[in-house]
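Below is one structure; the comments refer to it alone.
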Amino acid sequence: MLMLNYPHLRPSLEPARLRREEIWQIGEIARQQIGGRMSRPKIELSRIVARSNRFTVNGLSYEAHWEIGRSVTDDAGHPVMGAIEYDESWPSAAMISVNGELIGDREDLARSTVVHELGHAVFDAPSWIRRGQSRPPEAGALPMRHFQQSVPGEGASDGGIDWSEWRANEFMGAFLVPCSLLHVRLHKRAAALRVPLMEVPQSDGLPVVNGYKAGFDAIETLAFEMAELFGVSATFMLVRFQKYGLVTSI
């Protein structure tokens, strides 16, 4: 069971406006609860799904039912990576679907999509369920849904911020690639490859990669190696380097 708490509004259970660092902390706590005493950076997809079916979030207990493999489309019939929905006919559960047909054999994409949807289950499902439980079922009421249309974690979307998607992406990034764990592994590998490092304030006592001196090829090599270690894409990893400030020039 995942047991999490974060600042929220009462009685709706909608998340308060959270800073990204707060969301990263929640993602890392969820990772610890799912991964247990595992020391490996990569958490297997099957373990994530198996340990993400029961939740207590901000005092509300509910379930998640996963379906991985079938085609998933949005309301217009367009294929999407994944979806989460709440239907009042299942008053204490969220349904999560991951599009195996669209993802294909990309394990890294399946992992990031699953954890992105898990982020919605943590931040969006509680308010949906509270709303559904607080009123009589409505005949013909449409389910509440979120659809994942782009590759999660590999860059910013166009247009204004969708706060729900932003939360799910920040949660996913910190869950799959926690800052402190990445910093330790990156520093060790960069030092072994003699990649230039530099001291910066607030860097957990470890230097970061001096991107100005290291050059693109060295940074790309580190991104590919760290991506393989954590089970994500190199593009995903470059985004984490930038967000965490672990490489100075990106």
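Every read-out reported here was derived from the displayed coordinates using simple, explicitly stated rules and does not represent laboratory data. Since this is a predicted model, take the numbers as computed values, not measurements. Positions of Cβ are generated from backbone atoms using ideal geometry, with glycine treated the same way; all protein chains shown enter the neighbour counts.
Comparing Cα centroids, the stretch 43-115 and the stretch 183-250 end up 31 angstrom apart. Taking Cα atoms only, the orientation of helix 163-176 departs from the longest principal axis of the chain by about 50 degrees.
Look at the Cα gyration tensor of the stretch 1-124: its axes a ≥ b ≥ c give a/c of at least 1.5 with a/b at or below b/c, and that counts as oblate.
For the stretch 40-123, GluC sites (Glu not before Pro) are listed when DSSP marks them as loop and at most 15 other Cβ atoms sit within 10 Å of their Cβ; the list is 44. Contact order, relative form, for the chain: 20 percent (alpha carbon pairs under 8 Å, 6 or more residues apart, mean separation divided by residue count).
The trypsin sites (Lys or Arg not before Pro) found in the stretch 1-45 that occupy coil by DSSP, while having at most 11 further C-beta atoms within 10 Å, are 17, 19, 37. Computed over the stretch 179-244, the percent of Cα pairs more than 20 Å apart is 16.
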